[in-house]
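The values are calculated or read from the model by the stated rules, or taken from the named source; none is laboratory data. Just so it is clear, the structure is predicted and the values come from calculations on it, not from any experiment. All Cβ positions, glycine included, derive from the backbone under ideal geometry; neighbour counts span all protein chains shown.
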Amino acid sequence: MPAEIQLVKPIIQRNPWVRPCLLSLVLGYIAFLIFVPVGTLFFSAFSEGAVSFFKVLCRWDVLHAFGLTFFLSVLAVLVNAVFGLIIAWVLVRHDFLGKKFLNALVDLPFAVSPVVAGYMLILLFGRTGWCHAWLQAAGIKIVFSLPGMAIATAFVSLPFVIREVMPVLQEIGLEEEQAAHTLGANGWQTFWRVTFPSIRWGLLYGITLTFARAMGEFGALFVVSGAVSGETETATLFVFRAMDERMYQEAYAVSVVLAAVSFFVLLAMEALKKRIHEEI
Amino acid sequence: MAKTNAGALSLRVTALAYLAFMLLIPLAAVLQDGFRNGAAGFLKSLLNPAAWHAFKLTLWTALLMAAINAVMGTLTAYVLVRYSFPGRSLINSFIDLPFAIPTLVTGVMLVILYGPQQALGSWLKHHWGWEIIFAPTGIILALLFVTFPLVVRTVEPLLMEIDQDQEEASRTLGASSWTTFWRVLFPAILPGVLTGTLLSFSRALGEFGSVVVVAGNIPFKSQTAAVYVWGEIESQNQQGASAMSVMLVALSFFVILLVDWFEKRRRSVHAR
């Protein structure tokens, strides 16, 4: 994670044009790329007044979609926080054959297109899939229903906790843990009293990234969910359907809420980065 | 600490089982399906004209985007680290916004701004003949937005730790600011620029949410590889979907491994 930005002033600039030119080029680019599109979205969502904006948010299918998005994101955070911690621990503290391979494998979700992530689940659990006969015998439905959507969300957001916790674990080293051990603490006590306090901000940063990624997931869910309105439709899937059916006001309103949530995620990230920076 | 007792062993088994279930088995499934008619079947599905066009479009838009991102990301990092101006730390926080915003919402924003029915979009089209939505320009814009933080955030730390003595020496010896930049500053930040650019290229190959809204699904015009995979899934052509999936995963995973290797080598040189 990047440390807080510090200022390194350039040495005497001979050409007085360099600074204003670079500054306006970069600020102009950021405005063009980020601020203008975000501003347009907010402007369009409220172009028919706040009342119609809130009316959209009170539609039952919109509320259901937000509920589902929230549920899936929290589930992904819980699963990936627990398993992510274990995996980070094992990858840093254990030594075994194939560790390097596993370490590289963790980055796979970053390389896999979301569509392909959803497609993999269809190949495994779908009608022609490897596990289909077995699943049908057990009466479990995964594709086009909640379990598949939960797995897809957990898949795309898997690396974040691992990648944020691993460097911290490496940095704090073994000394304090060994001391606790010598003083008679068992493994669990050592983890809670010694290791956990040092990794908690890194973990929380990873959780924030996991939540943001899970909340915004679209491609994998699009493929795996079937996107049935009011059943397997998340907020992003609703936006896509609304755009498709030319219900623009609805699409913009839900997009604004998603953008606002990601804005708060950003604030949380900033606060956490400062915390981590202070602790080191 | 790593005594192989029952607790440690069960942790390791849990970690391995989760990674196998989530990553290894799905990956194996798509590989097996892509090659179920052998290498010939795999190649045939990839060389199908629509598939090949989609793949080429994905490659060139991602390459062009990565090049723009390399230049603008480096300049942004430079300005944010070297110049003090009002709002500097606020703007620095906003650099990460594209990571937080759902990519589908990115697509919606661009359509609102440049769509053919919108003021700016129709003006660009009628006066300049410039189409953005449902065209490669829109794809590149969407990719630029989505990957913007990657180069900035890899170059910033390198710029912050640079030793300014060398720069000063170069200036005192009479080098122009341009020469100083190319000879002193640029070599120091080059690894960061490369890492960020490669990561944004890899990220762009599979991008779906923003691209599907901005470019639609028009074969031979604005259909990218990821959108092609989606289309093949919808039309039940599993072989086509699997072959393109394997190609995309292989290419972008290769780039990520390359970056990993490169970073490790850099760190070990650094430590020496």
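Quick one: in the range A:221-231, which of the residues that are more than 9 Å from chain B (Cβ to nearest Cβ) and either more than 15 Å from residue A:60 (Cβ to Cβ) or crowded, with 23+ Cβ neighbours inside 10 Å (or both) is modelled with the highest pLDDT? Walk me through it before giving the result.
First, pick out the residues of the range A:221-231 that are more than 9 Å from chain B (Cβ to nearest Cβ): A:221, A:224-231.
Those left that are additionally either more than 15 Å from residue A:60 (Cβ to Cβ) or crowded, with 23+ Cβ neighbours inside 10 Å (or both): A:221, A:224-227.
Working: A:221: 96, A:224: 93, A:225: 90, A:226: 80, A:227: 77.
Ranking the candidates gives A:221 first.
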Within the group A:137, A:152, A:104, A:88, which residue is in a helix (DSSP H, G or I) and under 16 Å from the mean Cα position of the chain (by Cα)?
A:152
Scan the range B:88-131 residue by residue and report those that are assigned to a loop (DSSP other than H, G, I, E, B) and modelled with pLDDT under 90.
B:115, B:116, B:117, B:118, B:129, B:130, B:131
Candidates B:77, B:67 - the one that is within 12 Å of chain A (Cβ to nearest Cβ) and under 17 Å from residue B:200 (Cα atoms)
B:77
Using the structure shown, decide if residue B:68 is part of a helix (DSSP H, G or I) and either modelled with pLDDT of 95 or more or within 21 Å of residue A:118 (Cβ to Cβ) (or both).
yes
Restricting the search to the range A:177-187, which residues are within 11 Å of another protein chain (Cβ to nearest Cβ) and assigned to a helix (DSSP H, G or I)?
A:177, A:178, A:180, A:181, A:187
Looking at (1) crowded, with 24+ Cβ neighbours inside 10 Å; (2) assigned to a loop (DSSP other than H, G, I, E, B); (3) not small (Gly, Ala, Ser), which one does residue B:213 not meet, given that it meets all the others?
(2)
Of the residues in the range A:47-65, those that are surrounded by 14 or more Cβ atoms within 10 Å (Cβ to Cβ) and not in a helix (DSSP H, G or I) come to A:48, A:59
Of all the residues that make up the range A:152-176, how many are crowded, with 19+ Cβ neighbours inside 10 Å and more than 28 Å from residue B:23 (Cα to Cα)?
0
Tell me, yes or no, whether the range B:167-189 has at least one residue that is in a helix (DSSP H, G or I), in contact with a helix residue (DSSP H, G or I) (Cβ under 6 Å, 6 or more places away or on another chain) and surrounded by fewer than 19 Cβ atoms within 10 Å (Cβ to Cβ).
no
